[in-house]
Amino acid sequence: GAVVSQHPSRVICKSGTSVKIECRSLDFQATTMFWYRQFPKQSLMLMATSNEGSKATYEQGVEKDKFLINHASLTLSTLTVTSAHPEDSSFYICSANTGGGDTEAFFGQGTRLTVV
Amino acid sequence: GENVEQHPSTLSVQEGDSAVIKCTYSDSASNYFPWYKQELGKRPQLIIDIRSNVGEKKDQRIAVTLNKTAKHFSLHITETQPEDSAVYFCAASPEKGGGNKLTFGTGTQLKVEL
């Protein structure tokens, strides 16, 4: 199957700082990528849809100024958590589809963010 | 928007028994229904999926059934093994070219006991 790589896998940051998470499609081009957040023992919740060359579409309740998404190329989307606080600590995971009628979503390995 | 409910939240079975997890969805536009297995701290792993033009799909010990009229779908695992222990998520999506966003169920912690 297709490969989606996410970096870093773990990050610890201080309150008030910003953290950037990268999501790359390694062997295919992705015009659309998705960012999810998963709190411990909970489900994956869609945060936003990242669109190459245009603005991201955010789900209701997700602050676009806090979670900045950039999808500048067909293989890379980034999520920046700005002014992070302890309540932002979570597992962030991206996904992408190869398109062309193939609907399987390929997930990155996830990023465990801890804000101290 | 789409709402996916999943039951049970926890399921404990004896090795060799069958396990069934059920999901319901709300949006009639959804027509792609994947099931994922997730181990702690890992990415979700697709184990089987079904599209709305199919009522049942089977892959070795795993099967999924879909009732589009009732808006529910189920995962069946037969001859369970200890390595089947994990959290399972159902999801629903309106299928479209170029990508699809998934609405996940709340998850089922499956424990297969020896």
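Spacing of the modelled spin labels on residue B:10 and residue B:39, each 7 Å from Cα toward Cβ, amounts to 2.2 nm.
Under 5 Å between amide hydrogens, built in the peptide plane, is the criterion, and for residue A:43 it picks out nothing among residues at least 5 positions away or on other chains. Give the aspartates and glutamates whose C-alpha is closer than 16 Å to that of residue B:58, dropping any in the same chain fewer than 8 places away, or say none. Those aspartates and glutamates meeting the cut-off are B:49, B:79. Across chain A, the relative contact order, built from alpha-carbon pairs under 8 Å that are at least six residues apart, equals 37 percent. Charged side chains reduced to their Cβ positions (Lys and Arg at +1, Asp and Glu at -1) give region A:1-70 a dipole of some 300 debye around its Cα centre.
Mean per-residue shielding of peptide A:103-109 is 6, counting Cβ atoms of other chains within 10 Å of each Cβ.
Within chain A, which is the longest segment containing none of the trypsin sites (Lys or Arg not before Pro) that sit in a DSSP loop and have at most 16 other Cβ atoms within 10 Å? Before the final figure, lay out each step's value.
Numbers: sites that count: A:14, A:41, A:55, A:64, A:66.
No qualifying site falls inside A:67-116, the longest such stretch.
Evaluated with a Cβ-only charge set (Lys, Arg +1; Asp, Glu -1), chain B carries a dipole of roughly 420 debye about its Cα centre, given to the nearest 20.
The simple spin-label model puts a point 7 Å past each Cα toward its Cβ; for residue B:72 and residue A:17 those points are separated by 4.9 nm. Charges were assigned to the Cβ only: +1 to each Lys and Arg, -1 to each Asp and Glu. The resulting dipole of the protein assembly as shown about its Cα centre is roughly 460 debye. Using the Karplus relation 6.51 cos²θ - 1.76 cosθ + 1.60 with θ = phi - 60°, the per-residue 3J(HN,Hα) values for region B:6-14 come to 9, 9, x, 7, 9, 8, 10, 9, 7 Hz, with x marking Gly and Pro.
Please list, in order, the residues from region A:8-32 whose amide nitrogen is less than 11 Å from a point placed 7 Å along the Cα→Cβ vector of residue A:109. Backbone N within reach: A:8-10. Between residue B:106 and residue B:52, the simple spin-label model (points 7 angstrom out along Cα→Cβ) gives 2.5 nm.
Cα centroid separation, region A:11-33 to region B:8-40: 29 Å.
List the relative contact order of region A:70-116 as a percent without decimals, with contacts defined as Cα pairs under 8 Å and 6+ residues apart.
Working: 51 pairs, mean separation 17.5, N = 47.
Worked out over region A:70-116, it gives 37 percent.
Is there a simple number for the mean count of other chain Cβ atoms within 10 Å of the Cβ of residues in A:91-97, and what is it? Could the numbers behind the result be given before it?
Numbers: counts 3, 0, 4, 1, 6, 1, 8.
Partner-chain Cβ atoms within 10 Å, mean over residues of A:91-97: 3.
Toward the positive end of the charge dipole of chain A, with +1 on the Cβ of Lys and Arg and -1 on the Cβ of Asp and Glu, the farthest Cα among A:18, A:6, A:46 is that of A:18. With θ taken as phi - 60° and the Karplus curve 6.51 cos²θ - 1.76 cosθ + 1.60 applied, the whole-hertz 3J(HN,Hα) list for region A:78-93 is 10, 10, 10, 8, 8, 6, 5, 10, x, 6, 7, 4, 5, 9, 9, 9 Hz, x standing for glycine and proline.
Among the listed pairs A:20/B:57; A:14/B:22; A:20/B:101; A:41/B:71, which are separated by more than 32 Å between their Cα atoms? Distance filter (> 32 Å) returns A:20/B:57; A:14/B:22.
No lab work stands behind these numbers, since they all come straight from the coordinates. Nothing here was measured: the structure is a model prediction, and the numbers come from that model. Here the Cβ is made from the backbone with ideal geometry for all residues, glycine too, and neighbour counts use every protein chain on show.
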